[in-house]
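What follows draws every value from the coordinates through simple rules; no lab data is involved. Because the structure is a prediction, the values reported are computed rather than measured. Ideal geometry is used to build each Cβ from the backbone, glycine not excepted, and the neighbour counts take in all protein chains shown.
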Amino acid sequence: MSLIVGIDLGTTNSLIGAMDAGFPVLLADADGERLTPSVVHFPESGEPLVGRPAARMRALDPAHTVYSVKRFIGRRVGEEADDVGYPLTGAPGTPVRVRVGDREYSPEEISSIILRKLRADAARALETEIVRAVITVPAYFNDAQRQATKAAGELAGLSVERIVNEPTAAALAYGLDKLRDRARIGVFDLGGGTFDISILELNQGVFQVLSTNGNTRLGGDDIDAALVAACTLPVPDWQKRDFVVAAKHRLSTEEAVEIPLPFASAGESLIYRLTRAELETVARPIVEKTRWHCRRALADAKLEPADLDEIILVGGQTRMPLVRSLVAEVLGREPNTSQNPDEAVALGATIQAGILSGAVQNVVLLDVTPLSLGIETFGGLMNVIIPRNSTIPIKAGEMFTNAVSGQQAMLIKVLQGEREIAKDNWPLGEFSLDFERAPKGHARVGVQFEIDASGILHVLARDTKTGAEKVVQVSSAVDVSDEAVEKMLEESLEHAFEDMSGRVFTEAKLKSDELLPAVRAALGRVGSQLTAEEQAQITAAAAEVEAALAAGEPHRLKRANAALDDATQRLATLLIEQAMAAKG
Amino acid sequence: MPDHFAALDQPRRPWLDADALKECFHRASASLHPDVPGTGDAARFAEASAAYSALRDPVGRLRHLLELEAPEMLGRASEIPPDFTDLFMRLAELRQSLNAFQKKEGAATQGLARALLIGERQLMLARVMALKSDLDSSYEASMVALQALDAEWEPRAADSIERLAAVQQRFAYLSKWRTQLGESLFKLQ
């Protein structure tokens with residue numbers, strides 16, 4: 001079995017490791033550094049710079065220096081704020097691309113440049129070719145983000161044997177020397193760009209994740225941006241970042257800092273002053289956002305804070321005292337700081353690589369899928385097929401049948417997320433099922449949804465008659481038409497009220513869809529017994545329902561339905577009378 | 001129809017010890033998980049994993065036991081057990097007022113408007129907690145009934161299946177209501 005390396009591909013920093021005589025070891029680059037800043041700089045000519053030398057160029061040449069690209073991996077334009085120093089391109093709804101000079105790169109390509117550097121470092125340190133890897137991702141990454149991360153590895157010449165969740169990896173690092181124990185632990189992982197909370201049960205070498213939650217757009221970067229925004233010194237914003245970040249780091253141990261800025265502006269020397277209390281005022285609203293996710297994860301695991309034996313902190317941002325005190329408050333105990341928050345994830349990735357290669361024995365990881373997987377139902381609701389926090393790998397079958405006689409195909413939309421309204425969830429993609437010609441309800445195709453151990457979806461369709469199975473290509477959601485995506489973006493602006501009104505509309509529409517044909521049918525049967533005035537009233541009420549439907553206004557539609565209902569009271573009475581007369 | 005009891009080497013009966021069952025799943029995973037070199041077996045791991053999630057909670061376990069032993073009992077129309085009517089009415093009423101309250105709270109964007117609602121929120125919370133405690137007691141009582149049924153499972157009495165169906169039904173209602181109330185509580189806190 002050939003060597004497999006473990007890689008933590010972080011928003012801010014990346015690391016690589018390998019098993020050595022039963023222990024995970026992180027590998028240093030030619031300069032003796034284990035931490036590689038996840039930054040790529042493209043000089044005027046020559047090869048891109050990666051890591052420390054690239055990070056130094058960030059303030060000097062921001063337009064050609066790409067950082068925090070992990071925020072954009074597997075993302076579409078419009079989903080992520082483009083508040084970075086380098087230009088992003090791409091039409092709304094298409095995958096985000098990064099423009100450097102006159103070239104465009106995908107986030108996968110940028111990531112692959114970082115991965116190549118790590119791969120070369122490891123090959124040099126171990127004096128062997130590296131071709132297989134385990135790469136970590138935030139636990140709350142969706143299918144598209146996982147697939148894109150895997151693609152980045154492949155672009156870097158690596159066979160990606162597994163995508164592992166970062167907090168789970170950290171738990172492996174924590175638990176490797178406690179394999180005889182039983183314990184419940186929480187892993188609180190606040191990095192540069194993402195936040196995850198995972199609850200695990202450790203039982204004699206079995207690491208079972210009970211629940212996970214998080215936010216892939218919450219991290220230390222947000223605190224940095226807020227500090228930049230709050231800094232009133234007469235310095236351009238892009239120059240502020242270096243000193244506000246330095247101040248933030250120092251305030252983890254100091255109460256107040258003064259940073260002289262000798263080159264900030266001509267002839268004038270400035271000093272940046274920040275106290276821990278000021279930092280906390282700026283950071284608190286951001287840090288507070290982790291609270292909800294922690295409570296959700298505990299509730300999903302059906303546990304109380306008191307049930308946890310240990311809280312592990314991961315991610316550089318957990319060095320902040322404010323973060324630690326919030327963790328202690330929400331999870332009910334002082335966090336365990338025995339793990340190096342920058343290295344635990346990479347060590348865990350390395351251990352998982354060791355499990356796969358056989359170098360680590362008697363350890364197995366039972367991870368979960370962070371998001372519910374479902375399909376869009378008739379009426380635009382989400383029908384969950386695999387609930388969140390299900391142990392992976394997992395398979396679930398669903399039977400589809402033709403809704404009308406002779407129907408030849410059916411379009412299935414696959415979604416990930418926790419919202420009731422289908423379109424509020426992340427569309428993973430769609431596929432078409434072919435039916436053979438048959439009477440309604442007789443053509444049947446079974447579809448198997450499988451989430452593999454990396455959290456990636458595979459779909460298999462099986463004809464129940466022939467038993468023939470075929471892998472279904474789920475066409476990626478990023479291929480959907482611009483028009484559809486623009487509509488989605490527009491709607492997401494009204495997000496605040498959408499869930500409620502979206503539901504109101506869906507329900508009202510179902511009612512209208514039932515009512516309108518019924519009214520038409522009833523008019524056909526007994527309409528002639530109505531007065532001209534009654535007929536006109538019904539026609540007007542029906543027209544108003546049609547208009548409200550077309551306008552997509554939920555409350556108007558609800559009112560219109562009610563009015564139509566009222567206007568057709570006499571129709572209903574006539575129908576009943578007619579039925580009674582026929583019976584008698 | 002898979003036999004989840006067999007998949008985890010468990011006796012086919014109403015009561016299973018939760019810790020012992022978990023232990024059994026973990027030991028099975030330690031050898032069957034596809035990552036384990038040599039003994040890993042994706043198909044058998046999938047069976048064990050599906051079995052564990054079906055058997056771990058009484059409601060799923062009893063439903064599966066009925067599926068295996070008396071599938072005809074499952075399709076029967078069921079009414080709320082008479083002694084649950086009161087719980088049901090209270091829950092329905094509470095959820096309705098919670099919805100109304102949350103709508104009101106959602107509309108209150110100003111600090112002052114929200115502050116005016118705090119008293120009502122406390123009242124809501126107290127009502128949820130009180131009902132939760134009653135639901136929990138009913139759940140505990142059903143667990144006792146389940147253990148009693150299990151004690152007389154073999155040799156099986158003539159009415160065992162009827163009793164199983166009745167207990168299953170109680171668990172089905174209680175689990176659903178506890179989940180609903182848990183969600184309400186989560187939103188309130």
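Write down the Å³ per residue value for the convex hull defined by the alpha carbon atoms of the stretch A:34-140. Don't skip to the answer; put the middle values down first.
On the way: hull volume 13.1 nm³, N = 107.
Cα-based convex hull of the stretch A:34-140, divided per residue, equals 122 Å³.
Is it possible to state the helix-based mean residue ellipticity at 222 nm for the protein assembly as shown, with each DSSP H run of 4+ residues giving -39500 (n - 2.57), the sum divided by total residues, to the nearest 500 deg cm²/dmol? What is it? Each step should come with its number before you reach the end.
Working: 22 runs with 356 residues, N = 773.
It lands at -15500 deg cm²/dmol.
Taking one equal scatterer on every alpha-carbon of the stretch A:494-583, how large is log10 of I(q)/I(0) by Debye at q = 0.22, 0.25 1/Å?
Debye intensities relative to I(0), on a log10 scale: -1.00, -1.18.
Could you give me D for the protein assembly as shown, from Stokes-Einstein at 20 °C and 1.002 mPa s, where the hydrodynamic radius is the Kirkwood radius over C-alpha pairs? Units µm² s⁻¹, please.
Details: Rh = 29.6 Å.
The estimated diffusion coefficient comes to 72 µm²/s.
Which FRET efficiency value, to the nearest 0.05, do you get for A:ALA550 and A:PHE378 by plugging their Cβ-Cβ distance into 1/(1 + (r/R0)^6) with R0 = 22 Å?
Numbers: r = 20 Å, r/R0 = 0.90.
So the FRET efficiency works out to roughly 0.65.
Quick one: what do you get for the stretch B:61-172 if you divide its Cα Rg by 2.2 N^0.38 Å? Numbers along the way, then the final one.
Working: Rg = 20.2 Å, N = 112, 2.2 N^0.38 = 13.2 Å.
Ratio of Rg to 2.2 N^0.38 Å for the stretch B:61-172: 1.53.
At a threshold of 8 angstrom on Cα-Cα distance, excluding pairs fewer than six apart, so keeping six or more, what relative contact order does chain B reach in percent? If you can, show how the numbers build up before the last one.
Details: 140 pairs, mean separation 49.4, N = 189.
Value for chain B: 26 percent.
So, in nm, how far is label B:LYS132 from label A:GLU280 when the simple model puts each one 7 Å beyond its Cα toward the Cβ?
2.9 nm
Going by amide H atoms built from the backbone, whose H comes under 5 Å of the H on A:ILE130, apart from near neighbours?
Correct list: empty.
In nm, what is the difference between 0.36 nm times the number of residues separating A:ALA123 and A:ALA409 and their Cα-Cα distance?
Full extension from A:ALA123 to A:ALA409 adds 97.9 nm.
If you average 1/r across every pair of different Cα atoms in the stretch A:373-480 and take the reciprocal, what Kirkwood value do you get, in Å? Each step should come with its number before you reach the end.
Working: mean 1/r = 0.0694 Å⁻¹.
14.4 Å is the Kirkwood radius here.
Determine the shielding of peptide B:43-49 by partner chains: average, over its residues, the number of Cβ atoms on other chains within 10 angstrom of each Cβ.
Numbers: counts 1, 0, 6, 5, 0, 1, 7.
The per-residue average across the peptide is 3.
Considering only the protein assembly as shown, what is the antiparallel percent among its DSSP beta bridges, to the nearest 5?
Working: 83 of 102 bridges.
Of the beta bridges lying entirely in the protein assembly as shown, close to 80 percent run antiparallel.
So for the stretch B:4-56, averaging the separation of alpha carbon pairs under 8 Å that are six or more residues apart and normalising by length, what relative contact order in percent results? Mind dumping the intermediate values first?
Details: 50 pairs, mean separation 24.3, N = 53.
Relative contact order comes out at 46 percent.
Give me the angle, in degrees from 0 to 90, between the Cα long axis of helix A:166-175 and the longest principal axis of the Cα atoms of chain A, rounded to the nearest 10.
Roughly 50 degrees between the two axes.
Arranged by the count of other C-beta atoms within 10 angstrom, fewest first, what order do A:ASP224, A:ASP102, B:ASP83, B:ASP136 take? List each step's numbers first, then the result.
Numbers: A:ASP224 20, A:ASP102 5, B:ASP83 10, B:ASP136 13.
Ordered by Cβ neighbours within 10 Å, fewest first: A:ASP102, B:ASP83, B:ASP136, A:ASP224.
Can you give me the Kirkwood hydrodynamic radius for the stretch A:174-289, using every pair of distinct Cα atoms, in Å to one decimal?
Values: mean 1/r = 0.0598 Å⁻¹.
Answer for the stretch A:174-289: a Kirkwood hydrodynamic radius of 16.7 Å.
Per q in 0.19, 0.22, 0.23 Å⁻¹, report the Debye log10 I(q)/I(0) for the stretch B:4-56, using one uniform scatterer on each alpha carbon and no solvent.
-0.57, -0.73, -0.79
Of the GluC sites (Glu not before Pro) in the stretch A:114-208, which ones lie in a loop per DSSP and count no more than 14 other C-beta atoms within 10 Å?
Details: sites: A:GLU127, A:GLU129, A:GLU154, A:GLU161, A:GLU201; in loops: A:GLU127, A:GLU129.
Qualifying residues, ordered by number: A:GLU127, A:GLU129.
In straight Cα distance, which lysines are under 19 Å from B:LYS132, not counting same-chain residues fewer than 8 positions off?
Those lysines meeting the cut-off are A:LYS302, B:LYS176, B:LYS187.
Arrange the following residues from fewest to most other Cβ atoms within 10 Å of their Cβ: A:ILE223, A:ILE135.
Numbers: A:ILE223 26, A:ILE135 30.
Ordered by Cβ neighbours within 10 Å, fewest first: A:ILE223, A:ILE135.
Between A:GLU154 and A:VAL25, what's the calculated FRET efficiency when r is the beta-carbon distance and R0 is 22 Å? Round to 0.05.
0.30
I'd like the Karplus ³J(HN,Hα) series for the stretch B:115-132: coefficients 6.51, -1.76, 1.60, θ = phi - 60°, whole numbers in Hz, and an x wherever there's a Gly or Pro.
Each residue of the stretch B:115-132 in turn: 4, 4, 8, 4, x, 5, 4, 4, 4, 4, 4, 4, 5, 4, 4, 5, 5, 4 Hz.
Using each residue's phi in the stretch A:290-298, evaluate 6.51 cos²θ - 1.76 cosθ + 1.60 at θ = phi - 60° and report the 3J(HN,Hα) Karplus result to the nearest Hz, with x for Gly and Pro.
Taking θ as phi minus 60°, the curve returns 6, 4, 4, 5, 5, 5, 4, 5, 5 Hz for the stretch A:290-298.
Relative to the longest principal Cα axis of chain B, at what angle does helix B:42-55 sit, 0 to 90 degrees, rounded to 10?
That works out to roughly 50 degrees.
Within 10 Å of each residue's Cβ, count the other Cβ atoms and sort A:TRP238, B:TRP15, B:TRP177 from fewest upward. Could you put the intermediate results ahead of the total?
Numbers: A:TRP238 13, B:TRP15 17, B:TRP177 22.
Arranged by neighbour count, lowest to highest, A:TRP238, B:TRP15, B:TRP177 become A:TRP238, B:TRP15, B:TRP177.
About the Cα centre, and with charges only on the beta carbon of Lys, Arg (+1) and Asp, Glu (-1), how big is the dipole of the protein assembly as shown? Nearest 20 debye, please. Please report the intermediate quantities before stating the final value.
Values: 84 positive and 109 negative charges, 151 e Å.
With only Lys, Arg, Asp and Glu charged at Cβ, the dipole is about 720 debye.
Grab the beta carbon distance between A:THR94 and A:ASP513, set R0 = 30 Å, and tell me the FRET efficiency rounded to 0.05.
On the way: r = 33 Å, r/R0 = 1.12.
Efficiency computed from Cβ-Cβ geometry: 0.35.
Report, in degrees rounded to the nearest 10, the 0 to 90 angle that the Cα long axis of helix A:143-155 makes with the longest principal axis of chain A.
Computed tilt is about 40 degrees.
Could you tell me the distance between the Cα centroids of the stretch B:11-64 and the stretch A:76-135, to the nearest Å?
With the stretch B:11-64 and the stretch A:76-135 each reduced to a Cα centre, they are spaced 40 Å.
Report the label-to-label distance for A:GLN473 and A:THR253 in nanometres (one decimal), using points 7 Å from each Cα along the Cα→Cβ vector.
5.6 nm
Would you kindly derive the ³J(HN,Hα) couplings of the stretch B:84-99 from the backbone phi angles with the Karplus curve 6.51 cos²θ - 1.76 cosθ + 1.60 (θ = phi - 60°), listing them in order in whole Hz, with x for Gly and Pro?
3J(HN,Hα) across the stretch B:84-99, in whole Hz: 9, 4, 5, 4, 4, 5, 4, 5, 4, 5, 5, 5, 5, 6, 5, 4.
Which distance in nm do the two modelled labels at B:ALA113 and A:ASP307 give, with both placed 7 Å along the Cα-to-Cβ direction?
Label at B:ALA113, label at A:ASP307, 3.8 nm between them.
Considering amide H positions built from the backbone, and no H for Pro or chain starts, which residues 5 or more places from A:LEU270, or on another chain, come under 5 Å of its amide H?
Amide H neighbours of A:LEU270: A:LEU261, A:ALA264, A:SER265.
5 Å is the cut-off here: which amide hydrogens, built 1.01 Å from N in the peptide plane, fall below it relative to A:GLN407, excluding neighbours closer than 5 in sequence?
Placed amide hydrogens put A:ALA438 under 5 Å from A:GLN407.
Could you work out the mean count of beta carbons from other protein chains within 10 Å of each residue's beta carbon in B:20-31? Present the calculation step by step, with values, prior to reporting the outcome.
Numbers: counts 0, 0, 4, 4, 0, 5, 10, 3, 1, 9, 8, 1.
What the average comes to for B:20-31 is 4.
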